[in-house]
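No lab work stands behind these numbers, since they all come straight from the coordinates. Computed from a predicted model, the values in this text were never measured in an experiment. Don't worry about glycine lacking a Cβ; one is built from the backbone with ideal geometry, like all the others, and counts go over all protein chains shown.
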Ligand SMILES: Cc1cc2nc3c(=O)[nH]c(=O)nc-3n(C[C@H](O)[C@H](O)[C@H](O)COP(=O)(O)OP(=O)(O)OC[C@H]3O[C@@H](n4cnc5c(N)ncnc54)[C@H](O)[C@@H]3O)c2cc1C
């Protein structure tokens, strides 16, 4: 939609941050910085970069007055690109990205537009950390508000399990803080369905002492050699001590000096183990993975912040991306066979399939303690990620991810998935992932905080009773999460 100058001038009176329209210098750059997924071509009519809660409230009010669809950009890594509605407003929180650490209270105060790298750097300085994602340029808010899995998950649960408070600007422009003491039901909903109730401008995390020096063990097998090691690893990772973590992945061998030249870029399966004890303790921990025919292995001490950045290069900004996700109760021999059959079929070396073992602290937290949308009883969360630089390769890669998902689906107990691992999940899948009871509780909460469903460019919870007929559809196309054609 085209915005008239008068409306923009009126917005400027209440908005101290930057406002960019397509004709403005800097707009193209700003749009390029909004979304990580280069496959999303939508263009907003306005990018607003607020610098305060008041700015956020003004932007929401403006969008509502104009009948304009809007999306919120935290770190821009949502696969569906929900932050950009075609012809609508992007509320880009990149200027609300400060990170402050209170080491005595063991708290981190993180802006809604921050990325994990900034949090890890600020907390590591004090020998503290919070559960973040495995790629440090990913956004804190989007990851946390829908869950958040990373290396520290077996030790400390999901990112959202470590959230102790959040400040948000709601659909009606109010600034609200939610915690166990204030608005506890909203606080519950924010930890798993948190993109639904407002623009979260600050997240407060509990921090844990974490040795700034970690250890990594990475073992990589060619597909034809990987069945036995993966069958071994499916039990081994669940027997690791509580202060160690593991990740299984189908991926290409990285082009690194520690990888034999002829193996670099070739597909295979890896088991990665991180721990925080001495190198000797770590060596003993990974010893059982040795002697199983790995094409290469790397066992090394690594600073925790470097561990957090180790996979950054596997997901470059602007690449085209698509993902599917599912949960597995058992990584059976047959599931392993299908997994190993699909891994070498990807065409672009960066496409990969991580499988997170769900154990330790993650599994101890009761299902109803948070709104996290996937059963805690699940043992593995899997994602099939298609990445490619150009349209043609991407079309094939996306089909690969869809076929891979269809083949693995028969080993999943149900439709539930970790919703941050399935960017284009449709409403029925979203509902199935939360489960009926949790979904209804969330829908009732949504009815209180956002009855008009103005926050719908997300993993959406529809308010119940649904007021759809009473609310006029916004102009501009909402960046509703829809499966891409092709
Ligand atoms: C390269 C890569 C690596 C990943 N690794 C992991 C991983 O290790 N572990 C894991 O759990 N997940 C991982 N993910 C998935 C990730 O959690 C999701 O893609 C998540 O949505 C990214 O959040 P974001 O803030 O960067 O994205 P955005 O695109 O900015 O936002 C995603 C959604 O959250 C909403 N949102 C964002 N910020 C706010 C806010 N402040 N207030 C209200 N709503 C907001 C948006 O409106 C949108 O609906 C990864 C994704 C990528 C692309």
So if R0 is 25 Å, what FRET efficiency would residue 64 and residue 428 give, r being the distance between their Cβ atoms, rounded to the nearest 0.05?
-> 0.30
Could you give the angle, 0 to 90 degrees to the nearest 10, between helix 53-66's Cα long axis and the longest principal axis of the Cα atoms of the chain?
-> 70 degrees
Given just the C-alpha atoms of the range 177-335, how large is their convex hull per residue in cubic angstrom?
-> 179 Å³
Which whole-number value in Å³ per residue fits the convex hull of the alpha carbons of the range 5-95?
-> 84 Å³
Percent relative contact order of the range 5-95, based on C-alpha pairs within less than 8 angstrom and at least six residues apart?
-> 33 percent
Efficiency of FRET between residue 10 and residue 485 - r from beta-carbon atoms, R0 56 angstrom, step 0.05 = 0.90
Once residue 256 and residue 287 are pulled to full extension, the length gained, defined as 0.36 nm per residue separation minus their Cα-Cα distance, is 8.9 nm
Would you mind putting 19-25, 55-61 in packing order, based on average other-beta-carbon counts within 10 Å, highest first?
-> 55-61, 19-25
Count the DSSP beta bridges whose two residues both fall in the range 1-133, then state the antiparallel fraction as a percent rounded to the nearest 5.
-> 50 percent
Summing -39500 (n - 2.57) over the DSSP H runs of n ≥ 4 in the chain and dividing by its residue number, what mean residue ellipticity at 222 nm do you reach, to the nearest 500 deg cm²/dmol?
-> -8500 deg cm²/dmol
Contact order normalised by residue count of the range 213-421, Cα under 8 Å, 6+ apart, percent = 27 percent
Separation between the residue 86 and residue 395 pseudo-spin-labels, each 7 Å from Cα along Cα→Cβ, expressed in nm?
-> 1.8 nm
Evaluate the range 77-233: find the radius of gyration of its Cα atoms, find its Kirkwood radius, and give the ratio Rg to Rh.
-> 1.04
The chain: D in µm²/s via Stokes-Einstein (Kirkwood Rh, Cα pairs, 20 °C, 1.002 mPa s)?
-> 94 µm²/s
Pairwise centroid distance, computed over Cα atoms, of the range 36-54 with the range 231-280, Å = 37 Å
In percent, what relative contact order does the chain have, based on Cα pairs under 8 Å that are 6 or more apart in sequence?
-> 17 percent
Cα-based Rg of the range 66-130 per 2.2 N^0.38 Å, rounded to two decimals?
-> 1.40
With no solvent and one equal point scatterer per Cα, compute the Debye intensity ratio I(q)/I(0) for the range 213-421 at 0.17, 0.19 Å⁻¹ and report its log10, rounded to two decimals.
-> -1.30, -1.57
Between the range 390-413 and the range 299-365, the Cα center-to-center distance that results, in Å = 15 Å
